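Take a look at the structure set out below.
Any read-out appearing in this document is the output of simple, stated calculations on the displayed coordinates, not a laboratory observation. Since this is a predicted model, take the numbers as computed values, not measurements. All Cβ positions, even for glycine, are placed from backbone atoms using ideal geometry, and neighbour counts span all protein chains on display.
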Amino acid sequence: MTKQEFKFENVVFFGRSIDEYVSMFDLHLDDLKGKRVLDCSAGPSAFAAQAAQHDITVIACDPRYELDVDTLASLVDDHAEEVQQKQVQSRHLFHPQLVSVAERKLAMKTFLQDYESGKKIGRYVAGALPKLPFGGRSFDLVLCANLLFIYSDVSVGGLMHGSPFTYQFHLDSLRELLRVSRQDVRIYPLQGTDVVEHDWLHPIMKDLAKSGYVSQIRSVDQRDIIGAEEMLRILV
Ligand SMILES: C[S@@+](CC[C@H](N)C(=O)[O-])C[C@H]1O[C@@H](n2cnc3c(N)ncnc32)[C@H](O)[C@@H]1O
């Protein structure tokens, strides 16, 4: 299988643990105690549930939170299987330290166990970019992992053939994430499997600069797709 063949037709409902969030976003959990964080496009990640144990309030947001827990559990099963098969076929595209699908399934189990009670207390909120159901400056920190850039079209450096996520969707989504943040917005990863810079990264940084936003590309510890070792940090 070539690099071009590692692709998705849909955005998978697949998620990671708090340890991976720490690596993807260079988080320092002690500094986040008492803070309010948005995890947008959170999927079945365990970040919100596990952060609560560290006295950090994380609100997870995803369009699929309109669905019930049994439907989400079956999506997790189907999509984990799909990711597993694709990663086995394209192993050379991933870092040797890649966290296994089996370990990620444990994180997704933590999410599923927390989902119903968490939804009742407002930890899981249904919502979709580019228009989020939150007021301006509602969060100290806003995170968005594994949606923007990576699910753009293969032709511009993403993993999706026929992606609905245009340049304008990216720009509108980043402006929306900035609207709800008091400090900064962090995006990971910044590319698909081509190990080259995404076509839209610098144009987007330039467009945001026109509105006065300072963006930085920062190295992070996450080891997933080879070459995807940076996040975008945009200061509010
Ligand atoms: C691959 S998962 C990433 C989950 C988690 N952030 C992580 O990195 O482990 C991508 C998620 O984006 C969600 N999604 C799809 N379209 C979206 C949109 N327009 N706005 C926000 N999230 C969206 C999907 O439902 C899916 O759960």
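Please give, to one decimal in nm, the separation of the simple spin-label points placed at L67 and K109, each 7 Å out from Cα toward the Cβ.
In this crude spin-label approximation the distance works out to 2.0 nm.
Around Q84, under 15 Å between beta carbons, what's the net of Lys plus Arg minus Asp minus Glu among the other residues? Please list the in-between numbers first.
Values: positive: R16, K86, R91, R104, K105; negative: D77, D78, E81, E82, E103, D224.
Here the charged neighbours net out to -1.
Add +1 for every Lys or Arg and -1 for every Asp or Glu among the other residues with Cβ under 12 Å from the Cβ of I150, and state the total. Don't jump to the answer; show the numbers that get you there.
On the way: positive: K7; negative: D153, D194, D224.
Around I150, the charge tally is -2.
Rounded to the nearest 500, what is the 222 nm mean residue ellipticity of the chain from helices alone, with -39500 (n - 2.57) per DSSP H run of 4+ residues and division by all residues?
Working: 7 runs with 82 residues, N = 236.
Helix-only estimate at 222 nm: -10500 deg cm²/dmol.
Taking the alpha-carbon centroid of each part, what is the distance from region 4-77 to region 174-191 in angstrom?
The distance from the Cα centre of region 4-77 to that of region 174-191 comes to 15 Å.
Here is the link list: K35/K131; K131/K206; K35/K210; K35/K120; K105/K131. Which ones come out longer than 25 Å on Cα distance?
Details: K35/K131 23 Å; K131/K206 22 Å; K35/K210 29 Å; K35/K120 20 Å; K105/K131 29 Å.
Long pairs (Cα-Cα over 25 Å): K35/K210; K105/K131.
To the nearest 0.05, how large is the calculated FRET efficiency for E81 and Y167 if R₀ is 45 Å and r is the Cβ-Cβ distance?
Numbers: r = 32 Å, r/R0 = 0.71.
Between E81 and Y167 the formula returns 0.90.
Dividing the Cα convex hull volume of region 3-235 by residue count, how many Å³ per residue is that? If you can, show how the numbers build up before the last one.
Details: hull volume 26.1 nm³, N = 233.
It comes to 112 Å³ per residue, whole-number rounded.
What FRET efficiency comes out for the pair L235/S138, r = Cβ-Cβ distance, R0 = 22 Å, nearest 0.05?
On the way: r = 17 Å, r/R0 = 0.78.
Calculated value: 0.80.
May I have the convex hull volume per residue, in Å³, for the Cα set of region 43-120?
Value for region 43-120: 105 Å³ per residue.
Please report the antiparallel percentage of the DSSP beta bridges confined to region 3-235, to the nearest 5. Mind showing how you got there, number by number?
On the way: 12 of 32 bridges.
Approximately 40 percent, going by the DSSP bridge assignments.
At 4 °C and a viscosity of 1.567 mPa s, what translational diffusion coefficient does Stokes-Einstein give for region 129-236, taking Rh as the Kirkwood radius over Cα pairs? Give it in µm²/s as a whole number. Each step should come with its number before you reach the end.
On the way: Rh = 13.9 Å.
Estimated via Stokes-Einstein, D reaches 93 µm²/s.
What nm distance separates the two modelled labels at E197 and K35, each placed 7 Å from Cα along Cα→Cβ?
In this crude spin-label approximation the distance works out to 2.8 nm.
Place the peptides 85-92, 121-128, 222-229 in order of packing, highest mean first, counting for every residue the other Cβ atoms within 10 Å and averaging per peptide.
Details: 85-92: 13.1, 121-128: 15.8, 222-229: 20.0.
In decreasing order of mean packing, 85-92, 121-128, 222-229 become 222-229, 121-128, 85-92.
Students often check this: by mean Cβ neighbours within 10 Å, which of 178-191, 158-171 ranks highest, and how do the rest follow? Mind dumping the intermediate values first?
Numbers: 178-191: 21.3, 158-171: 16.5.
In descending order of packing, they fall as 178-191, 158-171.
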